[in-house]
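Structure, as structure tokens:
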Amino acid sequence: MRSLRSIWLSKFWHQGFHKYKAPMFPYEWVLIGSKNYLHRDHCLESFQLGKNVFCEKPLAITFDQCHEIRNVHRESGKLFATGFVLRHAAFYQKIRQLVQDGQVGRLVSIEANELLKPYHGGYIMRNWRRFRSQSGPHILEKCCHDIDLLNWIVGSLPSKVASFGGLNSFIPENKPASERIRDEYAAWDFAYEDVDPFESEKDIEDNQVAILQYGNGVRVSFHTNSNSALSQRKMTICGVLGTIEANLITGEINLYRVGRSSESIGVGAQGMHGGADPKIAADLASSIELGVLPASSGEEGFTSAIVCLAIDEARIKSCVVDMEPIWHQFNIQIPKTSQTCP
């Protein structure tokens, strides 16, 4: 199968990357699944070699790295895909369609979250993702998926963001006394290091809240926590005519409209990533075989990363970050009107 022959799967650390760029490797695509802090180098060298690129999220871990990747990609003229698998989930596609069809009227506000169970948070705190120098901030490493979905559903980009968060659960004084409870945090046994998630060295956040004001007037609150007894990824979307309540874990989507009966239109539980893993693979195969533009491009990876980094800046500085000058710097116009109809 040509798609398998034409892919270069780049999971090499930085020291080993350069030796694979010789002409003896005439591949058309590079798939980048390295640590986040290596994405910049791997993307730049791939585009400079004339390769198409699929890069796992997040795009990179600093504003400057993201800007460099975007510029070099534009100069290359090659295809660029970002690993935003959730855009391929029937669950989120249905939500977006309901919004675009005007089922809740003009959007006003959204409440969204991502709550991780102890085994997931414990996994993060036992591998490289617990270090900002390698992963970037948690809102970027873990939640750029969610920020991308919000940008996609709202149909605009944030003009202002603010945030609070910190490391408050995975600290030594919260280590469970019970061995049975401690085992809950080690249930994912494929972490890179044999360390205690509560006592390990780390500088990543384990909880955060953010508020976003979008250019088209929609307001969003987002909450993430890496130590929740409840696994949850929910959205409550309010428009002038109705409300959508959606839970990815259960696949339930409930539509409530003013003066009308509620409607359950869920897609059902689809498993990991809402059943989207085979779909993003098929999308990538279409890009490789047929040159089809990726459903989620490098530009979406760029804008999501920039928003996440601005949210982290707001958290660090305890301020509201005005994003309009940032978008202006990158020559990006924020959509000012809603894509939905009342």
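The values are calculated or read from the model by the stated rules, or taken from the named source; none is laboratory data. Quick caveat: nothing in here was measured; it's all calculated off a predicted structure. Heads up, the Cβs are rebuilt from the backbone with ideal geometry, glycines too, and the neighbour counts pull from every protein chain shown. Accessible surface is based on the protein model in full, side chains and every heavy atom, while ligands, DNA and RNA are left aside. Shrake-Rupley method; radii C 1.70, N 1.55, O 1.52, S 1.80 Å.
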Under the condition of being assigned to a helix (DSSP H, G or I) and open to solvent by less than 60 Å² (accessible area, probe 1.4 Å), which residue from the stretch 82-93 is nearest to residue 34 (Cα to Cα)? 85
Enumeration of residues in the stretch 265-295 that are in contact with a strand residue (DSSP E or B) (Cβ under 7 Å, 6 or more places away or on another chain), among the small types (Gly, Ala, Ser) and at pLDDT below 90: 266
Give me the residue from the stretch 63-81 that is in contact with a helix residue (DSSP H, G or I) (Cβ under 7 Å, 6 or more places away or on another chain) and in a loop (DSSP other than H, G, I, E, B) and, out of that set, nearest to residue 308 (Cα to Cα). 79
Looking only at the stretch 126-145, and only at residues there that are farther than 15 Å from residue 208 by Cβ and in a loop (DSSP other than H, G, I, E, B), the one that is least open to solvent (accessible area, probe 1.4 Å): 127
Tell me yes or no: at least one residue of the stretch 251-260 is open to solvent by 40 Å² or more (accessible area, probe 1.4 Å), assigned to a strand (DSSP E or B), farther than 15 Å from residue 114 by Cα and among the aromatic types (Phe, Trp, Tyr). yes
Only one of (1) in contact with a Pro (Cβ under 8 Å, 6 or more places away or on another chain); (2) over 23 Å from residue 124 (Cβ atoms) fails for residue 227. Which number is that? (2)
Of the numbered conditions (1) out of contact with any His (no Cβ under 7 Å at 6 or more places or on another chain); (2) more than 30 Å from residue 327 (Cα to Cα); (3) open to solvent by 60 Å² or more (accessible area, probe 1.4 Å), residue 279 fails exactly one; give the number of that condition. (1)
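Determine whether the stretch 146-168 contains at least one residue that is part of a strand (DSSP E or B), open to solvent by 40 Å² or more (accessible area, probe 1.4 Å) and of a type in the set (Phe, Trp, Tyr). Spell out the reasoning first.
Applying the first criterion (part of a strand (DSSP E or B)) to the stretch 146-168 yields 158-166.
Adding the requirement that they be open to solvent by 40 Å² or more (accessible area, probe 1.4 Å) leaves 160, 164.
If we keep only those that are of a type in the set (Phe, Trp, Tyr) too, we end up with 164.
Within the stretch 146-168, one or more residues are part of a strand (DSSP E or B), open to solvent by 40 Å² or more (accessible area, probe 1.4 Å) and of a type in the set (Phe, Trp, Tyr).
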Considering residues of the stretch 261-276 that are under 22 Å from the mean Cα position of the chain (by Cα), touching a residue at least 60 places away in the same chain (Cβ under 8 Å) and in a loop (DSSP other than H, G, I, E, B) only, the residue surrounded by the fewest Cβ atoms within 10 Å (Cβ to Cβ): 270
List, please: which pairs have Cβ atoms under 7 Å, are six or more places apart or on different chains, and start with a residue in the stretch 84-104 that is within 20 Å of residue 141 (Cβ to Cβ) and touching a residue at least 60 places away in the same chain (Cβ under 8 Å) and end with one that is part of a helix (DSSP H, G or I) and among the aromatic types (Phe, Trp, Tyr)? 86/92; 87/152
Looking at (1) within 19 Å of the chain's Cα centre (by Cα); (2) within 26 Å of residue 297 (Cβ to Cβ); (3) not in a strand (DSSP E or B), can you tell me which one residue 120 breaks? (2)
What number of residues in the stretch 209-232 are open to solvent by 40 Å² or more (accessible area, probe 1.4 Å), in contact (Cβ under 8 Å) with a residue 60 or more places away in the chain, in a strand (DSSP E or B) and of a type outside the set (Lys, Arg)? 2
Do you know which residues across the stretch 37-57 are over 20 Å from residue 281 (Cβ atoms), in a loop (DSSP other than H, G, I, E, B) and not aliphatic (A, V, I, L, M)? 50
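Every residue, every condition in (1) of a type in the set (S, T, N, Q); (2) loosely packed, with under 12 Cβ neighbours inside 10 Å, yes or no:
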site	(1), (2)
238	no, no
244	no, no
286	yes, no
290	no, yes
Tell me yes or no: at least one residue of the stretch 63-71 is in contact (Cβ under 8 Å) with a residue 24 or more places away in the chain, touching a Leu at 6+ places or on another chain (Cβ under 7 Å) and surrounded by fewer than 24 Cβ atoms within 10 Å (Cβ to Cβ). yes
On the basis of being touching a residue at least 12 places away in the same chain (Cβ under 8 Å) and polar (S, T, N, Q), does residue 178 make the cut? no
Take the residues of the stretch 94-114 that are open to solvent by 20 Å² or more (accessible area, probe 1.4 Å) and outside any helix (DSSP H, G or I): which is farthest from residue 37 (Cα to Cα)? 103
